[in-house]
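Okay, structure first, notes after.
All of the numbers you see were taken from the coordinates with simple rules; none came from a lab. Keep in mind that this is a model prediction, so the values were computed, not measured. Counting neighbours? That spans all protein chains shown, and the Cβs are built from the backbone with ideal geometry, glycine included.
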């Protein structure tokens, strides 16, 4: 059979069908019955789908007088549509002993079926190089979540979770092989692909590991900053503990050539830029400063307070997400920076939340800081506001 005579089906990411090297027209139209019928039939091309189950998928709980007749009408319309798309005139869909099948006269190649086949095959291989190549093929075949636009359909959602688990397993095992070979360049390439394919799944840790292990510390720092910014902006959360640990590893592995103290101090001063207002930093840096201050308090003489500033809506509830939250977060950050002293520490803890370490101050001064922030942040008629929580930092030594 010629390759051009095969019906190619993409299930990962957006659903697509192509025949004779051309996408089939009409598959993107919002004909949900046709789309759902094609997806489930082509995904189960060898086993078929029972009539009762197909009725449940296509008709759901709707009150239909004759469900068998309704399904037959959907199948009839689907056949007409397939013919109009340019497929050879055959009986595309047929019923046999209560099970609907796709015709064997038009061969189907589905990316998800190939993915399954690769995963089964890799378990039979003992040679590492062959296993890696099978993992690699499976990983690059995965272009996104299975039927990502149809995750609300029960069977599609279940398959999406199954394939996501298999994808993660392939990535982890391929990474383990590259780690054992100390092939950091290919590990970085793998990490960048899977991060783009499955965003916000913490795959940035693979890129971070490759950069750290290959001594590209400045690139690792930038990746970390970009990752934290992306997670906060898009999801309002920090990356996972894996990436945080990578940063700790980066700090331990950084090595400097021998330099006399004056040169070291000069370099530190050159790298430290002067900014007005409080010192803004990432969460790991904030944690480090907090721990240092806690230790310094063992000697006494300092009073330190931790303040949490949270954006709230007109009803006093924390704001969740959206462009408005991003705009207000930016304004609140600027208000906080300008309202605290030069030696105070600021971290954007999440979307609409900020942590502030107020150094060598009093509880009364914390209230003054709150008023300053409000004066700079609040505008006339503004319904949103800031909720403050303040705790004293108590030395636990």
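Results, tabulated for the structure shown:
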quantity	calculated
Cubic angstrom per residue, convex hull over Cα atoms of the range 279-392	96 Å³
Computed label-point distance, nm, for sites residue 380 and residue 5 using a 7 Å Cα→Cβ extension	7.9 nm
Theoretical FRET efficiency, 1/(1+(r/R0)^6), r = Cβ-Cβ of residue 196 and residue 107, R0 35 Å, to 0.05	0.65
Degrees separating the helix 323-339 axis from the principal Cα axis of the chain, which is the longest one	10 degrees
The range 184-254 - Rg (one decimal) and Dmax (whole number), Cα, Å	11.3, 31
Sorted by Cβ density within 10 Å, fewest first, the residues 217, 43	217, 43
Shape category assigned to the range 135-218 from the gyration tensor of Cα positions, a/c cut at 1.5	prolate
Extension reserve of the residue 391-residue 91 stretch, reckoned as 0.36 nm per residue once the Cα distance is removed	100.7 nm
Net lengthening on full extension, residue 117/residue 296 (0.36 nm per residue, minus Cα-Cα)	58.5 nm
The chain: angle of helix 261-271 to the longest principal axis, Cα-based, in degrees nearest 10	60 degrees
The chain: relative contact order in percent, alpha carbon pairs under 8 Å with at least 6 residues between	12 percent
Point-to-point label distance, residue 172-residue 46, nm (Cα→Cβ direction, 7 Å offset)	2.7 nm
FRET efficiency, residue 128 to residue 362 (Cβ-Cβ, R0 45 Å, nearest 0.05)	0.10
Per-residue Cβ neighbour rank within 10 angstrom, fewest leading, 135, 100, 94	94, 100, 135
Reduced Cα scattering model of the chain, Debye log10 I(q)/I(0), q = 0.10, 0.13, 0.14 Å⁻¹	-0.88, -1.11, -1.19
In nm, spacing of pseudo-spin labels at residue 285 and residue 265 (7 Å Cα→C-beta vector)	2.3 nm
Over the chain: helical MRE at 222 nm, DSSP H runs n ≥ 4 each giving -39500 (n - 2.57), nearest 500	-17000 deg cm²/dmol
Gyration tensor verdict on the range 103-249 (Cα atoms; rounded if a/c is under 1.5, prolate if a/b is larger than b/c, oblate otherwise)	oblate
Principal-axis tilt of helix 204-213 within the chain, Cα atoms, nearest 10 degrees	60 degrees
